[in-house]
Amino acid sequence: MNNTLWYKDAIFYEVYVRAFYDSNSDGHGDIKGLIQKLDYLQELGVTCLWLLPIYPSPLKDDGYDISNHYGVHPNYGTLDDFKELLDSAHERGLRVVMDLVLNHTSDQHPWFLAARANPNSLFRNYYVWSESSLKYRDARIIFTDTEESNWAWDEASKQYYWHRFYSSQPDLNYDNPLVQDEVQKIISFWFDLGVDGFRADAVPYLIEREGTSSENLPETHAFLRKIRRFINKNYPGRILMAEANQWPEDVLPYFGKGNDEFQMGFNFPIMPRIFMSIRKADRTQLVWIMSRTPFLREKNQWVMFLRNHDELTLEMVTEDERQWMWEQYAPEPRMRLNLGIRRRLAPLLDNDRRQIELAHSLLFTLPGSPIIYYGDEIGMGDNIWLHDRNGVRTPMQWDAESNAGFSEAPAQSIYSQINDDEVYGPAKVNVESQQKDPNSMWYSIRHMISIRKGHHAFGWGDFEWIDCNNDQIAAYRRTYNGETILVFQNLGGQIQNISYKPKRPMKIRTDLLTQLEFASSNGRVDLQLEPYQYLWLK
Ligand code: NOJ
């Protein structure tokens, strides 16, 4: 298999460095801490890390507000630490992808400080200014809970500046070729260090035009193609992953024509439908969205995820579906944030091991490459009372000792409260105890990962629904290079009996996960599926 296509079979793991492990007892997770935990990640079986932003930043948006693109936040370490991380990861065969925040900078970035201080400065035109706050009115507001407008008034220069996220994150002006050049410099800097790729943040919003939604504009695509050409020429094989929270038909152009934009794109629309299908015990919504989701071949790949560091976004659903998801999964008002839900995977799924494993089975077997959000592999909980999205960014729970084994700093100097909850706190949920227990969820997830890694059908294979005359069963065929894997998943809490006629007669089918064998008679396979049971039959 061509190694430049490694991401087709990759298992990603999203690391919030600040939350992962504190090596110097200052209360913040750091790069050296992450290096110490690479063995853990390797044992879990993940193959690529995605690091949330580690750049110098006032941390008003947890690092998505960058004040220097060429460094490491002092709380997290130094550039030398980062080089050591890359070396240590690569020695283990682990790749490292980092965030590339294109759309905006921090308002503390020297470019913005200069732009603000002097309207005649070269940097003024790095940002988007206006006399009026009525321009680009068709652009929606994304952080609806905190922002009232996409314009903020700058008292110093008596103009408004444009921002799609917090007002402390002014948008860069991509109509300015100098800004485009800066991006190439930033990309080169990190690729020269050895980074394997970027998760490009918020790509739909780079350029704005009057009379449009200012999302997914042709000019934005033209710029992204230019970046891809630059990478292909200078850094072949490095990957770009698009964070475009859009419907499948609007994400598709981000893959470009003939791979001239992104290799990978996050699959936002399928994510809430995984939760819908489990709560409704009905595959209909999954089937519907898959029919709208193009199958990606060759060099392209969907990125699949259940949860991440943001709210569980409900942008790619209808208004009725959003209300339903809120009623079902966020009954307390405090659980809701913007157009989404600020909760982690385990609490969303009632801390029911069977449902959590089923969700992972869907994550690992639907087309795409999966991302695991740190802590979800042990079923960490959330703290909805923390500000904004901080409740899903609490310290990793390594053991039941003080500070969950995350840090030796005094509790009050830790960047966030440990999630000291009766059900989800470190006394109940931690890595150490799950690693000691071969029946733990951690082992189940690790096992799924290891099986998935042994079969290219999951990352590459064709996808076809199997109709079992039963909407409670999400069943499909994944086929690649002569290998077929049949995935059967009971989405609900009732036992289901199904009888299904395979395309190819075959006497015995083996569940890859348990090695249990299922015989067929009269050309049919009869299966009894326990609540939330999943089978990966070969
Ligand atoms: C998407 C990121 O995932 C989110 O955390 C951030 O706040 C916005 N982009 C703005 O950068």
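Please treat every number below as a calculation from the coordinates, not as lab data. Remember, predicted model here, so these are calculated numbers, not experimental data. Here the Cβ is made from the backbone with ideal geometry for all residues, glycine too, and neighbour counts use every protein chain on show.
The range 499-537 and the range 267-296 have Cα centres separated by 24 Å. In terms of packing, defined here as the mean over residues of other Cβ atoms within 10 angstrom, the peptides 330-343, 391-404 line up highest first as 391-404, 330-343. Listed by chain and number, the lysines whose C-alpha is less than 21 Å from the C-alpha of residue 8, apart from same-chain residues fewer than 8 away, are 257, 299, 453, 538.
Relative contact order for the range 171-221: 30 percent, from Cα pairs under 8 Å spaced at least 6 residues apart, divided by residue count. Taking only Cα atoms, what is the 0 to 90° angle, nearest 10, from helix 79-91's long axis to the longest principal axis of the chain? In the chain, helix 79-91 runs at an angle near 20 degrees to the longest axis. Once the Cβ-Cβ distance between residue 353 and residue 191 is put in as r, and R0 is 51 Å, what FRET efficiency do you end up with, to the nearest 0.05? With a Förster radius of 51 Å, E is 0.80.
What the Cβ-Cβ distance of residue 408 and residue 464 gives, at R0 = 60 Å and to the nearest 0.05, is a FRET efficiency of 0.70. Look at 508, 11, 445 and count the other Cβ atoms within 10 Å of each Cβ; fewest to most, that gives 508, 11, 445. Computed on the range 1-123, with alpha-carbon pairs under 8 angstrom and 6+ residues apart, the relative contact order is 23 percent.
Helical content alone sets the calculated 222 nm signal of the chain at -8000 deg cm²/dmol, taking -39,500 (n - 2.57) per DSSP H segment of four or more residues and averaging over every residue. With 26 Å as the limit, the listed pairs 280/507; 32/60; 83/233 have 280/507 beyond it between alpha carbons. In this simple spin-label model, placing a label point 7 Å from the Cα along the Cα-to-Cβ direction at both residue 60 and residue 524 gives a separation of 6.5 nm. Applying D = kT/(6 pi eta Rh) to the chain, where Rh is the Kirkwood radius over alpha-carbon pairs, T corresponds to 25 °C and eta to 0.890 mPa s, the Stokes-Einstein value obtained is 101 µm²/s.
Gain on full extension, evaluated as 0.36 nm per residue between residue 297 and residue 515 minus their Cα-Cα distance, stands at 75.5 nm.
On a straight-distance basis, which aspartates and glutamates could pair with residue 436 in a cross-link, Cα separation under 14 angstrom, same-chain partners fewer than 8 positions away excluded? Once the sequence-local aspartates and glutamates are set aside, what remains near residue 436 is 43, 399. Note on residue 503 and residue 323: with the Förster distance fixed at 51 Å, the Cβ-Cβ geometry gives a FRET efficiency of about 0.80.
Counting only alpha carbon atoms, the long axis of helix 353-365 and the longest principal axis of the chain meet at about 80°. Simple point charges give the picture: +1 on the Cβ of Lys and Arg, -1 on the Cβ of Asp and Glu, and for the chain a dipole about the Cα centre of about 1920 debye. Counting neighbouring Cβ atoms within 10 Å and putting the fewest first, the residues 518, 82 line up as 518, 82. Straight distance only, please: which aspartates and glutamates reach the Cα of residue 135 with their own Cα at less than 20 Å, same-chain residues fewer than 8 apart left out? Qualifying aspartates and glutamates at Cα under 20 Å: 147, 148, 154, 155, 171, 175, 208, 210, 215, 219.
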